[in-house]
Structure formats: structure tokens, C-alpha cells
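The values are calculated or read from the model by the stated rules, or taken from the named source; none is laboratory data. From a predicted model like this one, the values you see are computed outputs, not experimental measurements. Cβ placement follows ideal geometry from the backbone for every residue including glycine, while neighbour counts extend to all protein chains displayed. Ligands, DNA and RNA are excluded from the accessible area calculation, which covers all protein heavy atoms including side chains. Shrake-Rupley method; radii C 1.70, N 1.55, O 1.52, S 1.80 Å.
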Amino acid sequence: QVQLVESGGGLVQAGGSLRLSCVASESILRINAMGWYRQAPGQQRELVAQISSGGTRNYVASVQGRFTISRDIAKNTVYLQMNSLKPEDTAVYYCKAEYLEVWGQGTLVTVSS
């Protein structure tokens, strides 16, 4: 079964940037679509961004223009570049292999005001 490992979370001030990485144990093209989700305390997990095997990107409205999902196929890695961070972006961020229903362990992002 494919395994996903996220990294890159941390504490950042509002307006700052972070880049999250998700390394897959096999080719991300074979995995097909990949997604980044987040879960804030007391809230449901929500989709943040997705990238299809063909490279099509989708974003939730609240991060449009601030976050960018990308990938490095040779490194089996999907990234989430997060700019202009806001305190409401604070959450645990998870990587997901969409059609395999496989999740990573999550990485915590904390944005201070």
C-alpha cells in the first residue's frame, strides 16, 4: 500500500509563507489525483487543493490566489506553497492519495497574529 509522508509545517507569523511537502512511496502518476486537506481544532477536515494526474489544479475559495499546489514527478512529491498566511489557516494539513483513500500523518501549521 502506498505511504505518504508530509513535512514542512511549523509556526509562522501572519503574512508569512510555508511550503509543505508530501513524499509518496510510489509514482504519483500511478497514484492519480493527490490532494491537500486541513483540519482545524473542533472543525471537520476540508479540502484545500487538488492536482490531477494530468496536472489540473483546484483550490478551495479561501486559499485561491495564496496557495499553490505543485508536484515533482521524479521525486514522487507533491507540494503546497502557502503565502500570505492568516491565523485562520492554522490547522493540521494532510496529504491524500485521492482514489486510494490513503492519508499521510499530517503536519501542523500554526499562524500567529
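Cβ-Cβ distances below 8 Å connect the following pairs, each with a first residue in segment 1-20 that is under 13 Å from TYR94 (Cβ atoms), a second residue that is open to solvent by 80 Å² or more (accessible area, probe 1.4 Å) and among the hydrophobic types (A, V, I, L, M, F, W, C), and a separation of six or more residues or different chains: LEU4/TRP103; GLY9/LEU108. Of all positions in segment 68-90, none carries a residue that is aromatic (Phe, Trp, Tyr) and in contact with a helix residue (DSSP H, G or I) (Cβ under 9 Å, 6 or more places away or on another chain). Among the β-branched types (Val, Ile, Thr), within 26 Å of ARG30 (Cα to Cα) and either open to solvent by 60 Å² or more (accessible area, probe 1.4 Å) or touching a Gly at 6+ places or on another chain (Cβ under 7 Å) (or both), is that true of THR68? Yes. Of the listed requirements (1) surrounded by 20 or more Cβ atoms within 10 Å (Cβ to Cβ); (2) among the aliphatic types (A, V, I, L, M); (3) farther than 13 Å from TYR37 by Cα, ILE73 misses just one: (1). Taken over segment 17-30, residues that are part of a loop (DSSP other than H, G, I, E, B) and under 18 Å from THR68 (Cβ atoms) amount to 1. Could we say that TYR93 is under 12 Å from the mean Cα position of the chain (by Cα) and hydroxyl-bearing (Ser, Thr, Tyr) here? The answer is yes for TYR93. In segment 31-108, counting only strands (runs of 3 or more DSSP E) that sit wholly within it, the ones holding 1 or more residues that are touching a residue at least 40 places away in the same chain (Cβ under 8 Å), farther than 20 Å from GLN13 by Cβ and not aliphatic (A, V, I, L, M) span 34-39, 46-51, 67-72, 77-82, 91-97. When segment 24-37 is examined, which residues are found to be under 11 Å from the mean Cα position of the chain (by Cα) and open to solvent by 20 Å² or more (accessible area, probe 1.4 Å)? Residue satisfying the conditions is TYR37 alone. Scanning segment 26-41 for residues that are at pLDDT below 95 and of a type in the set (Gly, Ala, Ser) turns up SER27, ALA33.
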